[in-house]
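Here is the structure we will look at, set down as structure tokens.
The values are calculated or read from the model by the stated rules, or taken from the named source; none is laboratory data. None of these values were measured; they are calculated from a predicted model. As a convention, Cβ positions derive from the backbone with ideal geometry for all residues, glycine included, and neighbour counts pool all protein chains shown. Just the protein is used for accessible areas: all its heavy atoms, side chains included, with ligands, DNA and RNA removed. Shrake-Rupley method; radii C 1.70, N 1.55, O 1.52, S 1.80 Å.
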Amino acid sequence: DAAIAKRLAFQQNLRGVTNRIHSALDVDEIMLEVSEAICVLFAAERLTIYKVGSDGKALESRVKTGMHGFRALRLPISTQSVAGFVALTGSTVNVTDVYDQNELQAYHPDLRFLVEVDKRTGFRTREMLVAAIRDARTLACLGVVQLINNRMGGPFDALAAEGVELLAETLAVAFQHRESAHVMRNKYDGLVMQGDIAAADLDYATRVARDREEHIESVLSAEYGVTASAIGQSLSRYFGVPYEPFGRDRIRPMDLLKHLKRDFVEAEQWVPIEDSEEGLVVLCLDPEHVRSSRIVNNIFPHHRPVYRVTTYKEFESTVERFFTDTDSGLMNLEEPGVEVEDLDDVSAAADNELVKLVNKIILDAYHQGASDIHVEPYPGKAKTEIRFRKDGTLVPYMEVPASYRNPLVARIKIMCDLDISEKRKPQDGKIKFKKFGPADIELRVATIPSSGGMEDVVMRILAGGDPLPIHKLGLSAPNLQRLTAAVSKPYGLFFVCGPTGSGKTTTLHSVLGHLNTPQTKIWTAEDPVEITQKGLRQVQVNRKAGMDFATVMKAFLRADPDIIMVGEMRDQETTRIGIEASLTGHLVFATLHTNSAPESITRLLDMGMDPFNFADALLGILAQRLAKRLCSACKQAYEPDDVEVEALLREYCAELMATRGFVNEPEAAVQALRQELLATYGQDGRYTLYRKVGCDTCGGTGYKGRVGLHELLIASDRIQQQIQEGQRVAQLLATCLEEGMRTLKMDGIEKVLQGITDMPQVHAVCIK
């Protein structure tokens, strides 16, 4: 019948196309000579064939720009384009309308079409049939074939979808055959194989470089935009050794460079960059020549060399990095044949190079907004890892050669006046960085002995400068109003609770900043003093000297205070003194390590507090968490479907179900809440939410900065009565919710509806 005849004709024409593909010399010729036949076969308006780029992170297509020239179009392998998604997942996509976001989300929630391309060209993309070109054995993605707009109208049919996968298989064989059959004439011929430049352009660039007496890599970069990474991959393919890019933060291997002069390195075109577990890593321009000369073995007879190739410019940059300002460095401290670790730790730590390294680590952490610096050494020749905690998450920063391990820790100890000879016990100290570098930073330092005779170091960057204004804490408008009313009382007890690192101290100092006037005497007891304010009298707790929180608070009560702030109430005596102070006319603030505001009440009563005195003293409790904030530079708006909105509403209402309004008339209460949220956070009857994307601003994570989630309990008459009666947490929570409190999760969901964060972050910090 007609369907069978159509299938047979299609398969016959497809065989003709595959034969022409196999006879083509390269991808450029396929695009030039066979693309029209492919478009006719599939009734498509346009065809694009992408190859995976040399860096493995992007797709590249070829556009002819002249007699022999081509321009490469790059597309990230990600869910931000249809072709990128196909390369990422290996799936085949058949879309009726790429502008229909619901149709794209059926494949992946983050999938979108790059409408910017249509806007730039004036072409309207509708249908799209896209398949991955994959290695049949390893299933690794080699590229993507993309058919655009069905000339017959409507989506591409099942026969076309089947055919495009057969076409992709043919292209995969062609790609691999070209690569294996292509013999590299020189070390830059891999650029043609990688699709970075046409063969004719490479020949022309070679002639231009010869005529101008320039290095060919300079011509390739300036005239054709070929990247250093692409050149490095070509060199790696030719020499059969890994490509090593220039490392701006690479540490000078001073114990290796002591054997070498700059003139010698520049003439021989090789330099050792580190002594690793793999061997002595040698960076060079021609590994074959250096290996055959055996000069590395003669200079470093006790090392096993392993070779890395790099580009001409990157080699020059590495030499400049290694041999600049070394006249007064570690090289002058060493005797021939002495390893760096064998040197006296004090002398090594005082070295100019090491000083620069430690200063750079601290300054980079400060400028990147990190809260902590983790120095993690490993035994043997393993590198020391340095990680930063940014927005609550540890991220890798740098790896330091093993030879710097002991001097690095010694240098940090010297900066905070610790005993560098004591390596078996933990030590604590503080660095006032202004004495050592160009920034006014304070760091709290902890050293901890770890396995293998190592010492870990963790440095907390203490918050400096003025406290945040109270209106910038991220409190919702109702919470801000209720908080300022509560802390404006002349006496009473107010707590901020949450786990370590949830911003409790920052919040308390913002509240104190709000109350700090010339007419008010404020004493604080902190461990340590992280934020300083003019007008506050701040005391550092020192348990070794007998200055614990309870002792300091007793002293405060004899010093005519109006307001007292205690860093933490962790024992019965401190809590008792705080309650007594609040009942005798003082306003007392403190922090607690508890999960929620109602739970804090039972925790304090469990310490043995008198419930009547405690209820009379209590003003309120603020529980808080820090959730990652969506990056404002790249977050992507979308309209959630009814299912997602319903799920959000169900989570929001979960704890309200125990309150009287919901128990008595649940449907009416839910509908009223739905309308309230829609009126507050919606527009035209719909919500707009945001999802993370990732960009250079946020380091590809999709998040930058953090926002507070808050749960504010105000001690009303009903709450005070329930405290005195010893009511359970569930009953306290229900009463608080009836009186207007919003839980941490509810506040988080409201910030999701405002586009500040997303639900994965709310779930991450609001686990019950």
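Considering only the range 459-477, state which residues are among the aliphatic types (A, V, I, L, M) and either open to solvent by less than 40 Å² (accessible area, probe 1.4 Å) or over 20 Å from residue 367 (Cα atoms) (or both).
The initial filter retains those residues of the range 459-477 that are among the aliphatic types (A, V, I, L, M), namely 459, 461-463, 468, 470, 473, 475, 477.
Those that are among the aliphatic types (A, V, I, L, M) and either open to solvent by less than 40 Å² (accessible area, probe 1.4 Å) or over 20 Å from residue 367 (Cα atoms) (or both): 459, 461, 462, 470, 473, 475, 477.
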**Fill in**
In the range 437-473, anything closer than 15 Å to residue 509 by Cβ and either polar (S, T, N, Q) or in a loop (DSSP other than H, G, I, E, B) (or both) is listed as 462, 463, 464, 465, 466, 467, 468, 469, 473
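Would you confirm, using the coordinates I've provided, whether residue 439 is open to solvent by less than 40 Å² (accessible area, probe 1.4 Å), over 11 Å from residue 375 (Cα atoms), out of contact with any strand residue (DSSP E or B) (no Cβ under 9 Å at 6 or more places or on another chain) and among the small types (Gly, Ala, Ser)?
Working: open to solvent by less than 40 Å² (accessible area, probe 1.4 Å): yes; over 11 Å from residue 375 (Cα atoms): yes; out of contact with any strand residue (DSSP E or B) (no Cβ under 9 Å at 6 or more places or on another chain): yes; among the small types (Gly, Ala, Ser): yes.
When the stated conditions are applied, residue 439 passes them.
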**Item:** Answer residue from the range 416-446, given it is within 20 Å of residue 385 (Cα to Cα) and in contact with a helix residue (DSSP H, G or I) (Cβ under 7 Å, 6 or more places away or on another chain) and is modelled with the highest pLDDT among those
**Value:** 445
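Would you point out the residue of the range 148-165, among those that are free of Cβ contacts under 8 Å to residues at least 12 places away in the same chain and either in a helix (DSSP H, G or I) or within 41 Å of the chain's Cα centre (by Cα) (or both), that is surrounded by the most Cβ atoms within 10 Å (Cβ to Cβ)? Spell out the reasoning first.
Initially, the range 148-165 is screened for residues free of Cβ contacts under 8 Å to residues at least 12 places away in the same chain, giving 153, 157-158, 162.
Next, only the ones that are either in a helix (DSSP H, G or I) or within 41 Å of the chain's Cα centre (by Cα) (or both) stay: 158, 162.
Working: 158: 9, 162: 15.
Ranking the candidates gives 162 first.
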**Asked** Of the residues 590, 597, 559, 615, which single one is touching a Phe, Trp or Tyr at 6+ places or on another chain (Cβ under 7 Å), closer than 28 Å to residue 739 by Cα and in contact (Cβ under 8 Å) with a residue 12 or more places away in the chain?
**Response** 590
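For the range 686-768, please list each of the helices (runs of 4 or more DSSP H) lying entirely inside it that holds at least 2 residues being within 28 Å of the chain's Cα centre (by Cα). Step through it out loud before you land on a result.
On the way: elements: 717-725, 729-738, 744-753, 759-765.
Counting at least 2 such residues, we get 744-753, 759-765.
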**Request:** Scan the range 709-761 residue by residue and report those that are open to solvent by 50 Å² or more (accessible area, probe 1.4 Å), farther than 16 Å from residue 621 by Cα and charged (D, E, K, R).
**Result:** 725, 728, 738, 745
**Complete:** Apart from one, (1) modelled with pLDDT of 90 or more; (2) farther than 20 Å from residue 20 by Cα all hold for residue 222; the odd one out is (1)
**Fill in**
Subset of the range 585-626, residues of a type in the set (Phe, Trp, Tyr), in a helix (DSSP H, G or I) and open to solvent by less than 10 Å² (accessible area, probe 1.4 Å), comes to 614
**Request:** Specify the residue that is nearest to residue 444 (Cα to Cα); the eligible residues are those in the range 381-398 that are out of contact with any strand residue (DSSP E or B) (no Cβ under 6 Å at 6 or more places or on another chain) and open to solvent by 50 Å² or more (accessible area, probe 1.4 Å).
**Result:** 390
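Under 25 Å from residue 461 (Cβ atoms) and open to solvent by less than 40 Å² (accessible area, probe 1.4 Å): is that true of residue 581 in this structure? Show your work before the answer.
Numbers: under 25 Å from residue 461 (Cβ atoms): no; open to solvent by less than 40 Å² (accessible area, probe 1.4 Å): yes.
Considered against the rule, which asks whether it is under 25 Å from residue 461 (Cβ atoms) and open to solvent by less than 40 Å² (accessible area, probe 1.4 Å), residue 581 comes out as no.
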**Asked** Restricting attention to the range 373-392, which residues are touching a residue at least 40 places away in the same chain (Cβ under 8 Å) and either hydroxyl-bearing (Ser, Thr, Tyr) or at positive phi (or both)?
**Response** 378, 380, 391, 392
**Item:** Hits in the range 509-558 (condition: within 16 Å of residue 571 (Cα to Cα) and open to solvent by less than 30 Å² (accessible area, probe 1.4 Å))
**Value:** 525, 526, 541, 549, 550, 552, 553
**Complete:** Of the candidates 70, 42, the one satisfying the condition of being farther than 17 Å from residue 83 by Cα, crowded, with 20+ Cβ neighbours inside 10 Å, modelled with pLDDT of 65 or more and not aliphatic (A, V, I, L, M) is 42
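Among what's in the range 529-552 and is touching a Leu at 6+ places or on another chain (Cβ under 7 Å) and either assigned to a loop (DSSP other than H, G, I, E, B) or hydroxyl-bearing (Ser, Thr, Tyr) (or both), pick the residue that is nearest to residue 431 (Cα to Cα). Spell out how you get there, then give the answer.
Kept after step one, since they are touching a Leu at 6+ places or on another chain (Cβ under 7 Å), are these residues of the range 529-552: 530, 533, 536.
Restricting the remaining residues to those that are either assigned to a loop (DSSP other than H, G, I, E, B) or hydroxyl-bearing (Ser, Thr, Tyr) (or both) gives 530, 533.
On the way: 530: 12, 533: 20 Å.
Selected residue: 530.
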**Message:** For the range 627-665: of the residues being touching a Leu at 6+ places or on another chain (Cβ under 7 Å) and either among the basic types (Lys, Arg) or in a helix (DSSP H, G or I) (or both), which is modelled with the lowest pLDDT?
**Reply:** 662
**Fill in**
Per the list (1) touching a Phe, Trp or Tyr at 6+ places or on another chain (Cβ under 7 Å); (2) within 21 Å of residue 19 (Cβ to Cβ); (3) acidic (Asp, Glu), residue check on residue 169 breaks on (1)
